Amino acid sequence: MAMAMLRSGALRTALRGGSRSSAPPKRSFSSSAGHDDAYETAKWEKITYLGIISCTGLAVYILSKGHHHYETPPPYPYMRIRNKEFPWGPDGLFEAKHEDHH
């Protein structure tokens with residue numbers, strides 16, 4: 001009988017978490033716990049700044065080049081057919097305003 005009580009008491013202590021004499025283990029989310037976090041942070045910070053500078057330089061280069069301006073297309077009779085006026089005027093809301101309507 002004493003053995004049963006001892007076992008059930010030990011079982012209850014184990015189920016409650018037991019006596020914790022040591023600190024909980026440190027959680028490590030990386031695959032190798034030996035890496036220096038400050039080194040990794042500095043490395044990715046440098047990579048990020050290099051990427052920002054590279055993308056900005058590429059955008060400036062691409063946007064600074066000239067682009068071709070196309071001629072005004074001929075006024076085809078089947079384009080922009082208006083059977084009725086829009087409430088805001090003769091042109092659509094998002095159409096470029098042209099002075100030479102024929």
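The values are calculated or read from the model by the stated rules, or taken from the named source; none is laboratory data. Remember, it's a predicted structure, so these values are computed and weren't measured experimentally. Accessible surface is based on the protein model in full, side chains and every heavy atom, while ligands, DNA and RNA are left aside. Shrake-Rupley method; radii C 1.70, N 1.55, O 1.52, S 1.80 Å.
The residue that is nearest to GLU95 (Cα to Cα), counting only those in the stretch 33-46 that are of a type in the set (A, V, I, L, M) and open to solvent by less than 80 Å² (accessible area, probe 1.4 Å), is ALA42.
Hey, among the residues in the stretch 61-102 that are outside any loop (DSSP other than H, G, I, E, B) and either among the small types (Gly, Ala, Ser) or open to solvent by less than 90 Å² (accessible area, probe 1.4 Å) (or both), which one's modelled with the highest pLDDT? Within the stretch 61-102, the match that is modelled with the highest pLDDT is SER64.
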